[in-house]
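As structure tokens, the structure follows; a few thoughts come after it.
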């Protein structure tokens, strides 16, 4: 190697290390090396061209890629997005929420109606919104979310924040998810304003919702919709999950038709008719609930984590 080439390689190496390892900007490197700023740009490009700098892109969800393909194939899904698992529930919900917003940004277009449910995962998703006006877009709440207890379901806040982000008109359901009688539900949903919101929910192009594992710690129970004896009776009847406040069994069928008749919001059969129905749920404790939703065919897009993906695919 000629002395000139050796000196050139040293210069390339120094420029590359200052830029990539020490994070100096090109103006700072130009001052240190006593070259022009365009000269620094040429040095960095030459360092890449000659192999002194090799740029490797590492996908943090690389292990999810195989899972995603396998989930799509096994369950006939249109989308399967798998994020890294995490023992910290807040971190996991943030990852799931971020993935949901990325998918929605791919799907949303002019004249779209987006239906959303409520819960802490969708609340986490709103933290990842990036302002983007969409012409003639509408956001509608899919199911009632007013709690009898002090628990904040974030129902109106979620739809409101999404609407504000996309400059879309939000339609809310400031109602309980479940009422005491079917007759009361009929009276409430006969109101023309509520009827209009429910009609929009049924006609929404995209529906985004969570899946809950039903039990004593489920959100519906914490929201004081059920007494403990009712919870145990529903579990004995086969309830394993809730989707848009409707309880289902492991095979995806409605657990209690009587309870279903008292539930305000979109019906599960209506989710099947959506061009895009997106379920977002994660954590190992949700695996059985998600399986139930898949068995019922209530969604064609799933956002979950690696632990759940392993369970759904029957892997250790």
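Could you say which residue among 271, 234 is surrounded by 19 or more Cβ atoms within 10 Å (Cβ to Cβ), in the same structural domain as residue 97 (by TED's automatic domain parsing), in contact with a strand residue (DSSP E or B) (Cβ under 6 Å, 6 or more places away or on another chain) and assigned to a helix (DSSP H, G or I)?
One residue alone meets the criteria, 271.
Looking across segment 154-195 at every residue that is out of contact with any strand residue (DSSP E or B) (no Cβ under 7 Å at 6 or more places or on another chain) and in a loop (DSSP other than H, G, I, E, B), the one that is surrounded by the most Cβ atoms within 10 Å (Cβ to Cβ) is identified as 179. Answer yes if at least one residue in segment 135-153 is assigned to a helix (DSSP H, G or I), within 30 Å of residue 287 (Cβ to Cβ), modelled with pLDDT of 90 or more and touching a helix residue (DSSP H, G or I) at 6+ places or on another chain (Cβ under 9 Å), and no otherwise. No, segment 135-153 contains no residue that is assigned to a helix (DSSP H, G or I), within 30 Å of residue 287 (Cβ to Cβ), modelled with pLDDT of 90 or more and touching a helix residue (DSSP H, G or I) at 6+ places or on another chain (Cβ under 9 Å).
Within segment 281-301, the only residue that satisfies the criterion of being surrounded by fewer than 22 Cβ atoms within 10 Å (Cβ to Cβ), on the phi < 0 side of the Ramachandran plot and not in a helix (DSSP H, G or I) is 300. Take residue 114 and decide whether it is in contact (Cβ under 8 Å) with a residue 40 or more places away in the chain, in a strand (DSSP E or B) and touching a helix residue (DSSP H, G or I) at 6+ places or on another chain (Cβ under 9 Å). Yes, satisfied. The single residue among 216, 277, 253 that is crowded, with 19+ Cβ neighbours inside 10 Å, under 29 Å from residue 93 (Cα atoms), touching a helix residue (DSSP H, G or I) at 6+ places or on another chain (Cβ under 9 Å) and in the same structural domain as residue 107 (by TED's automatic domain parsing) turns out to be 277.
Scanning segment 294-310 for residues that are within 14 Å of residue 241 (Cβ to Cβ) and in contact with a helix residue (DSSP H, G or I) (Cβ under 9 Å, 6 or more places away or on another chain) gives 294, 296, 297, 298, 299, 302, 304, 308. Please tell me if residue 66 is assigned by TED's automatic domain parsing to the domain that holds residue 204, over 19 Å from the mean Cα position of the chain (by Cα) and modelled with pLDDT under 90. Yes, satisfied. Scanning segment 78-96 for residues that are assigned to a helix (DSSP H, G or I) and surrounded by fewer than 16 Cβ atoms within 10 Å (Cβ to Cβ) returns 89, 90, 91. If you go through segment 13-31 and pick out every residue that is at pLDDT below 90 and surrounded by fewer than 15 Cβ atoms within 10 Å (Cβ to Cβ), you end up with 5. Criterion first (assigned to a helix (DSSP H, G or I) and at pLDDT below 90) does residue 7 satisfy it? Considered against the rule, which asks whether it is assigned to a helix (DSSP H, G or I) and at pLDDT below 90, residue 7 comes out as yes.
Would it be correct to say that residue 245 is farther than 19 Å from residue 123 by Cβ and either crowded, with 20+ Cβ neighbours inside 10 Å or touching a helix residue (DSSP H, G or I) at 6+ places or on another chain (Cβ under 6 Å) (or both)? Against the criterion (farther than 19 Å from residue 123 by Cβ and either crowded, with 20+ Cβ neighbours inside 10 Å or touching a helix residue (DSSP H, G or I) at 6+ places or on another chain (Cβ under 6 Å) (or both)), residue 245 does not qualify. For segment 64-77, the tally of residues that are out of contact with any strand residue (DSSP E or B) (no Cβ under 7 Å at 6 or more places or on another chain) and either crowded, with 16+ Cβ neighbours inside 10 Å or on the phi < 0 side of the Ramachandran plot (or both) stands at 7.
The values are calculated or read from the model by the stated rules, or taken from the named source; none is laboratory data. The shown structure was predicted, so the numbers you read here are calculated from the model rather than taken from an experiment. Ideal geometry is used to build each Cβ from the backbone, glycine not excepted, and the neighbour counts take in all protein chains shown.
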